[in-house]
Amino acid sequence: MLGEILELPKICDLRGNLTVAEQMRNVPFEVKRVYWTYDVPAGESRGGHAHKECVEFIIAVSGSFTVTLDDGHGNCKEFHLNHPWQGLMVKTGIWRTLEDFSSGAVCLVLASELFNENDYIREYDDFLKYARCSR
């Protein structure tokens, strides 16, 4: 499975809605790092890498964007994220690209690991070699 959309609790109220993400409850790992991207210029993309150890849960907390996942074995899938009560689980060894950001989009990522540059595979050809070896 390339990725999976998980629903988060959506608590509706006349004053506005609230969604909560809790580690080991509705986010199935311990969250060690949180980061977000915003003000992505039109036509730009983010991601363009894979992780060896880090699992990520990607949420469009505002606006929308498309996440393309690739396992390096010819399987690719696109996910259009546009609901702040849903998140996309991305396991290790999956190349991800985020594109088509709407104006005002905010991408929130919950990560299972602290930042470690050695965990990143940043070149697609290196990723394909990694994917072949990890089969």
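The values are calculated or read from the model by the stated rules, or taken from the named source; none is laboratory data. None of the values given here were measured: they were computed from a predicted structure. Virtual Cβ from ideal backbone geometry, glycine too; neighbours counted across all protein chains shown. These accessible areas exclude ligands, DNA and RNA; they are computed on the full protein's heavy atoms, side chains included. Shrake-Rupley method; radii C 1.70, N 1.55, O 1.52, S 1.80 Å.
Tabulated values for the structure
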{"item": "Close pairs from the range 103-127: first outside any loop (DSSP other than H, G, I, E, B), partner of a type in the set (F, W, Y) and open to solvent by 80 Å² or more (accessible area, probe 1.4 Å), Cβ under 9 Å, at least 6 apart", "result": "V106/W36; V106/Y38; C107/W36; C107/Y38; L108/W36; V109/W36"}
{"item": "Failed item in (1) of a type in the set (F, W, Y); (2) closer than 18 Å to L2 by Cα; (3) open to solvent by less than 80 Å² (accessible area, probe 1.4 Å), with Y124 passing the rest", "result": "(3)"}
{"item": "Residue under evaluation C76, criteria (1) within 30 Å of K129 (Cβ to Cβ); (2) hydrophobic (A, V, I, L, M, F, W, C); (3) open to solvent by less than 60 Å² (accessible area, probe 1.4 Å), criterion not met", "result": "(3)"}
{"item": "The lone exception for V90 - which of (1) open to solvent by 30 Å² or more (accessible area, probe 1.4 Å); (2) touching a residue at least 60 places away in the same chain (Cβ under 8 Å) it fails", "result": "(1)"}
{"item": "Pairs where the first residue, in the range 1-18, is under 17 Å from V61 (Cβ atoms) and the second is charged (D, E, K, R) and part of a strand (DSSP E or B), C-beta under 9 Å, 6+ apart", "result": "N17/K10; L18/K10"}
